[in-house]
1. Look at the stretch 276-300 and say how many of its residues are of a type in the set (Gly, Ala, Ser), outside any strand (DSSP E or B) and over 10 Å from residue 530 (Cα atoms).
2. From the set of residues in the stretch 105-148 that are within 17 Å of residue 86 (Cβ to Cβ), assigned to a loop (DSSP other than H, G, I, E, B) and of a type in the set (D, E, K, R), which is modelled with the highest pLDDT?
3. Just the residues that are of a type in the set (S, T, N, Q), out of contact with any Ser or Thr (no Cβ under 9 Å at 6 or more places or on another chain) and not in a loop (DSSP other than H, G, I, E, B), please, taken from the stretch 301-346.
4. Find the strands (runs of 3 or more DSSP E) located wholly in the stretch 413-453 whose residues include 2 or more that are touching a Pro at 6+ places or on another chain (Cβ under 9 Å) and modelled with pLDDT of 90 or more, and list them.
5. Select from the stretch 234-249 the residues that are open to solvent by 10 Å² or more (accessible area, probe 1.4 Å) and either outside the structural domain of residue 94 (by the TED database) or not in a strand (DSSP E or B) (or both) and list them in ascending order.
6. Residue by residue through the stretch 83-118, note down the ones that are open to solvent by 10 Å² or more (accessible area, probe 1.4 Å) and under 30 Å from residue 358 (Cα atoms).
7. Considering every residue within the stretch 392-408, establish whether at least one is of a type in the set (S, T, N, Q), more than 27 Å from residue 181 (Cβ to Cβ), outside any loop (DSSP other than H, G, I, E, B) and without any contact (Cβ under 8 Å) to a residue 12 or more places away in the chain.
8. Report whether or not residue 496 is in contact with a strand residue (DSSP E or B) (Cβ under 9 Å, 6 or more places away or on another chain) and in a strand (DSSP E or B).
Amino acid sequence: MAMATVHKWLTHFYDTKKCSNILVPLGSKGQQSMYFLHYHRPHHRCYLSMNGCREGQHQHARTRNNPVGTIETRTLAAVASPAMAMYSLNMAISELKSDALFGTSSGIVRVQVPIEEQVEAIDWLHSQNHLLLPRCFFFGRKQCSSPCCINGEEKLVSVAGVGSAVFFSQPHPFSYWDWISIRRFLSERCPLIRAYGAIRFNAKAKVSSEWLAFGSFYFMIPQVEFIELEGGSMLTITIAWDNDLSWSWENAINALQETLCKVSSSIVKFPKQTPPTLISSSQNIPSKVDWDLAVNRALQMIGQNDSLLTKVVLARSTRVVPTVDIDPLAWLSCLKVEGENAYQFLLQPPNAPAFIGNTPEQLFHRKCLHITSEALAGTRARGASQALDLQIELDLLTSPKDDIEFTIVRETIRRKLEAVCEKVVIKPEKMIRKLSRIQHLYSQLSGRLRSEEDEFEILSSLHPSPAVCGFPTEEAQLLIADAEVFDRGMYAGPVGWFGGGESEFAVGIRSALVEKDLGAFIYAGTGIVEGSNPYLEWDELELKTSQFTKLLKLDLLRRQKVDCK
């Protein structure tokens, strides 16, 4: 039966290849026109916006294709502490107000102050007023991406930001023109001007109330940023304006000053461990019974001879209601301690919960024309001893079920990269990737893009990958939409940043949505292929959410009442 699954999967690729002569090639002008027609029909008309200010229809075509008039980074003299950096930036703003350069109709200017003292970005963010929104945090993996160097010396470790110099968010699916809108404000000359954000897993799915403020996508270039470096720090401000979008230089500088008045220069290092949070209730969607039914139904569809479906990723949402509010940064700090080989992120628009996560999976990393991606599938717990850990590793490496799941993921990514790359290299073909609690099958793929313009095609084609959706994509999406009764939101979607000459996105798994008075939604998913067992897959969900649930403690009496129902 396993060979039949592989044959069905390969046959799908062969049939797709035979039909490729009637498809619009990736990256072609024809396909870009399709994006324009699809997203700009009268009843779906969307124009560029800047911090909520939208342009008129006659300005749309002119604005979306032109870079802003001024893109500049100014570096002030290094100072000893964050407090001194705040003073320098306030003085710089006074000078900027009278700068003749800002007579231009549009631009983005970054002013940065190196700090000799090394301060963790998450400590800086925690020291800010929690009402100062939007905010973001991103910590990249050291091993799997080439960290950005500042002045050719210090490497960037993590970034925290508050306020938005400009944000990008719409209810419609993220399109080519949305990507162009963001790119207008980015330049290789200013590599640290970046747009941080996330994209929904499925923009066509119904949006639940907890995800409404995120839109179909949400990206922000922070007004105030704190950068943690290896051996130092940096505090920055960013001003962006565009008269065509009804956001003038005066609007931008006034908004920045308003934000800067709320920023604290006093940084308190907070503990990276938090005592277990007592919760009053916990609910899984789906329940264990409904999960078993959904998995068995998926297995039936996979086993049908006339079905192309070979894998589907089913997910679970666990809502926990605490007796006291959960601090998303406290949770994030705990993830950061145990997740040195993973991406940590936080994204919180105004009037929205905080989306946080600790994901091991890279979607892609682009540096100029060089691009890397990863295949990650198959999950086992770590062993309590070295001998047991090696035994579990061998079991994962030799498991036919996990090999099918992993091969589907790796080969799908390879084919998608080949569509826009001159050459794709897979190295290693398959190995074990060990994390603190979990180990996976892993492979890295790399290639060279034919053009930087292909970045949007990479993003839109790699997501959703078989690792978070299934294969073939359309069949898996249909089953997910029918089987799952909760909104994934940004869970399992791309999370990361766009830069001028470099971009990096992770897959937003191992994540949670946290809000005051709401509690938390904890998300996890697992791949269902031929040979999957509903009970073992449920155990895998428990293992994947353990980094969050270890911070929770359900009152014993309440747990007994729940179990008796």
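1. Initially, the stretch 276-300 is screened for residues of a type in the set (Gly, Ala, Ser), giving 280-282, 287, 294, 298.
So of that shortlist, the ones also outside any strand (DSSP E or B) come out as 287, 294, 298.
Those left that are additionally over 10 Å from residue 530 (Cα atoms): 287, 294.
Residues meeting the conditions: 2.
2. 116
3. Just the residues of the stretch 301-346 that are of a type in the set (S, T, N, Q), to begin with: 304-305, 307, 310, 317-318, 323, 333, 341, 344.
Retained after the next criterion (residues that are out of contact with any Ser or Thr (no Cβ under 9 Å at 6 or more places or on another chain)): 304-305, 307, 317.
317, the sole residue that qualifies.
4. Numbers: elements: 421-426, 431-434, 438-449.
Output list reads 438-449.
5. Initial filter on the stretch 234-249 (open to solvent by 10 Å² or more (accessible area, probe 1.4 Å)): 243-244, 246-249.
Result: 243, 244, 246, 248, 249.
6. 112, 114, 116, 117, 118
7. Taking the stretch 392-408 as the starting set, the residues that turn out to be of a type in the set (S, T, N, Q) are 398-399, 407.
Cutting the leftovers down to more than 27 Å from residue 181 (Cβ to Cβ) gives us 398-399, 407.
Subsequent filtering for residues that are outside any loop (DSSP other than H, G, I, E, B) retains 398, 407.
From the residues that got through so far, the ones that are without any contact (Cβ under 8 Å) to a residue 12 or more places away in the chain too are 398.
Checked against the condition, which is being of a type in the set (S, T, N, Q), more than 27 Å from residue 181 (Cβ to Cβ), outside any loop (DSSP other than H, G, I, E, B) and without any contact (Cβ under 8 Å) to a residue 12 or more places away in the chain, the stretch 392-408 yields at least one hit.
8. Details: in contact with a strand residue (DSSP E or B) (Cβ under 9 Å, 6 or more places away or on another chain): yes; in a strand (DSSP E or B): yes.
Criteria met by residue 496.
The values are calculated or read from the model by the stated rules, or taken from the named source; none is laboratory data. Not measured: the values here are computed from a predicted model. Positions of Cβ are generated from backbone atoms using ideal geometry, with glycine treated the same way; all protein chains shown enter the neighbour counts. With ligands, DNA and RNA removed, areas are computed over all heavy atoms of the protein, side chains included. Shrake-Rupley method; radii C 1.70, N 1.55, O 1.52, S 1.80 Å.
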